[in-house]
1. What about C:G30, is it facing another protein chain (nearest Cβ under 9 Å), of a type in the set (G, A, S) and open to solvent by less than 10 Å² (accessible area, probe 1.4 Å)?
2. Please go through region B:75-124 and pick out each residue that is more than 9 Å from every other protein chain (Cβ to nearest Cβ) and among the small types (G, A, S).
3. How about region D:17-27: which of its residues are outside any helix (DSSP H, G or I) and more than 7 Å from every other protein chain (Cβ to nearest Cβ)?
4. Just checking, which of C:V13, C:V47 is closer than 23 Å to B:A15 by Cα and touching a residue at least 24 places away in the same chain (Cβ under 8 Å)?
5. Kindly provide the set of residues from region C:62-88 that are within 21 Å of C:I20 (Cβ to Cβ) and touching a residue at least 12 places away in the same chain (Cβ under 8 Å), ordered by number.
6. Go through region C:159-190 and count every residue that is assigned to a helix (DSSP H, G or I), more than 14 Å from the chain's Cα centre (by Cα) and either within 14 Å of chain B (Cβ to nearest Cβ) or modelled with pLDDT under 85 (or both).
7. With respect to A:V40, is the statement that it is open to solvent by 20 Å² or more (accessible area, probe 1.4 Å), over 21 Å from B:N58 (Cα atoms) and more than 12 Å from chain B (Cβ to nearest Cβ) true?
There are 4 protein chains.
Amino acid sequence: MQKGRLEAFSDGVLAIIITIMVLEIKVPHGETFHDLLPLVPVFLSYVLSFIYIGIYWNNHHHMMHTVTKVNGAILWANLHLLFWLSLVPFVTGWMGENHFGPEPMALYGFILLMAGVAYVILQNLIIKSQGGESLLAKAIGGDIKGKLSPVLYIAGIGCSFVSNWLSGLMYVAVALMWLIPDKRIENKME
Amino acid sequence: MQKGRLEAFSDGVLAIIITIMVLEIKVPHGETFHDLLPLVPVFLSYVLSFIYIGIYWNNHHHMMHTVTKVNGAILWANLHLLFWLSLVPFVTGWMGENHFGPEPMALYGFILLMAGVAYVILQNLIIKSQGGESLLAKAIGGDIKGKLSPVLYIAGIGCSFVSNWLSGLMYVAVALMWLIPDKRIENKME
Amino acid sequence: MQKGRLEAFSDGVLAIIITIMVLEIKVPHGETFHDLLPLVPVFLSYVLSFIYIGIYWNNHHHMMHTVTKVNGAILWANLHLLFWLSLVPFVTGWMGENHFGPEPMALYGFILLMAGVAYVILQNLIIKSQGGESLLAKAIGGDIKGKLSPVLYIAGIGCSFVSNWLSGLMYVAVALMWLIPDKRIENKME
Amino acid sequence: MQKGRLEAFSDGVLAIIITIMVLEIKVPHGETFHDLLPLVPVFLSYVLSFIYIGIYWNNHHHMMHTVTKVNGAILWANLHLLFWLSLVPFVTGWMGENHFGPEPMALYGFILLMAGVAYVILQNLIIKSQGGESLLAKAIGGDIKGKLSPVLYIAGIGCSFVSNWLSGLMYVAVALMWLIPDKRIENKME
């Protein structure tokens, strides 16, 4: 089984997720900049989620590069990842419309956490399918980012009930950590 | 005629179907977990439909693997399948918003049944186009799953007027039956 | 310039058009089959438009098969075709919600007419780019269907102010005429 | 890293942007042509934005033709461009619904300006990655269009507070300037 359609389908779903999120920014009735003010939290949560989906697309792209053959378990683990990511537009909208209230922020972190877990499951299945000399296993090495992310997500969920600033800081920190280009797989490929 | 664009178009339509379903989960106005409670049935029906579309994508992927040449009848049989699947977001939303009422559940089963019938038509056209030594015909063999599914859908439609639990059980059973990775085509290909 | 991305982009736009049309079938609040009755005209217009977009995708697929090189004029003629097709969901919704009233039916025919004109422009540009020995020119021959379609569309627009049944008949007739698999290009390719 | 998935993902996002814009043209309740009148500004802004997205897709297509290898910076610069373009449906809807009021027109110009800046950043990163003998650098030459566009956008933003006609003229002028097929890259490729 080739990976072509898995990549095409994932690209399609991620492209749609990233684009339909913008539909949550509803066109206001007034025609002044003042009328846009209530949309600022919705816009900020859109920016954060856009970056997250961008990171997932980017890393998915890198990870799939190491794959030559796809099996049924990988197909379903990939759909499982897309499932959690498909809920991102919903939680983004809920968080933005409620001005980063505690419970929306906690749920946002929870969905990110589940997407992160789904990504690790997919990564492990690919490594397993590649056997002892797994290119992906070498490329990710100790996978510090992968291990730190769930810790920060859980911290962010906990913080959301204390301070939404602190919670948001955690979610932004994870995004920034992954934004730094991941040279590992690129280097190993060469 | 090559199968490349048929796969690309089907991937696009399935990716959009799976993603726009999430738009039926409307962002609530309140900001507590309590405000999410009315969304639980909508969410559950989303999960079930997500799995169904995932199964169709997966099986479509496998089936198309055996295909080398596409004719006009196959193109239209494929569009016919996509037509019924395109109605899944509608029935999913209707079923979820009405808390699994009898008539929405019956219609949900009917749409699944029609999609199943459309899939079998497509499968038969492909087998016919491959002639006597059809790889797909060998791969599906007795096609027990394919024969059992419509029986369970019809049972689910009937049950929906008696007990929505029983009806839901039928639909979940079909999904679980197909979720088990289908080794048939994979094995035959090797 | 290769045709790969032109096909991919067109597939994407057509896949989205065909799928977002279903969003016009709004989930009703009631939970009985009776509550679905007002949706019947919306559903019927969805079916007709689904078939039309399917026909365009199908014919686009065939036509592009004869193309080896794409120029700027072809790219823009293709976007022009996609523009008119992108308005199909709007007119489909308007026609369906107003139970096939005269003016929505006339506009529906007008959009189909413009899409047909855009298709012919694209076809002519491709033939021109292929020079004297154009494969596409040979394949379409006298192009009877292409010449009859605008006549029927205009007849349908005119009829819409007299009888919506007659007008609908015209639009269905064009669809049926094209549904019959077009062997011309398939044969010429072989 | 190959450019295939970057093109596929960008095609997907651009195809969705261009198509969901049409969702801003809400189906009116009345059934006469008169009921469509309030939609005229929404339609006109849709046409303009459709052309802009078409231009971006077209130019992106040309630019990517010169690329053989993609790095992390190019991936993110591409996502940055898609981010600003993803806001086009929102500003298009806001401008259309408010009949080209001053502040929506200024914001429209601002989003176009930012998309233009993002495009130049992406272009520069590609040129840099190609080293001294960059094909893209030769192809764009003095890049007069690229340098004139931001000037016209800024002029359009300024004019929007004086006359929406003048402002609209600026935005239309930029679109027309780019609509003229860009022979530069095509020629250099040959």
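1. no
2. Answer for region B:75-124, where residues must be more than 9 Å from every other protein chain (Cβ to nearest Cβ) and among the small types (G, A, S): B:A77, B:G109, B:A115, B:G116, B:A118.
3. D:K26
4. C:V13
5. First, the residues of region C:62-88 that are within 21 Å of C:I20 (Cβ to Cβ): C:78-88.
Scanning region C:62-88 gives C:N78, C:H80, C:L81, C:L82, C:F83, C:W84, C:L85, C:S86, C:L87, C:V88.
6. 7
7. In short, yes.
Results for (1) within 27 Å of C:W94 (Cα to Cα); (2) of a type in the set (S, T, N, Q), shown as yes or no for each residue.
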| residue | (1), (2) |
| --- | --- |
| D:I16 | yes, no |
| D:V70 | no, no |
| D:H80 | no, no |
| D:S86 | yes, yes |
| D:A106 | no, no |
| D:I111 | no, no |
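The values are calculated or read from the model by the stated rules, or taken from the named source; none is laboratory data. Quick caveat, the model's predicted, so the values are computed rather than measured. Quick reminder, even Gly has a Cβ in these numbers, built from the backbone with ideal geometry, and neighbours come from all protein chains shown. Ligands, DNA and RNA are stripped out before the accessible areas are found, and what is left, the full protein with its side chains, is counted by its heavy atoms. Shrake-Rupley method; radii C 1.70, N 1.55, O 1.52, S 1.80 Å.
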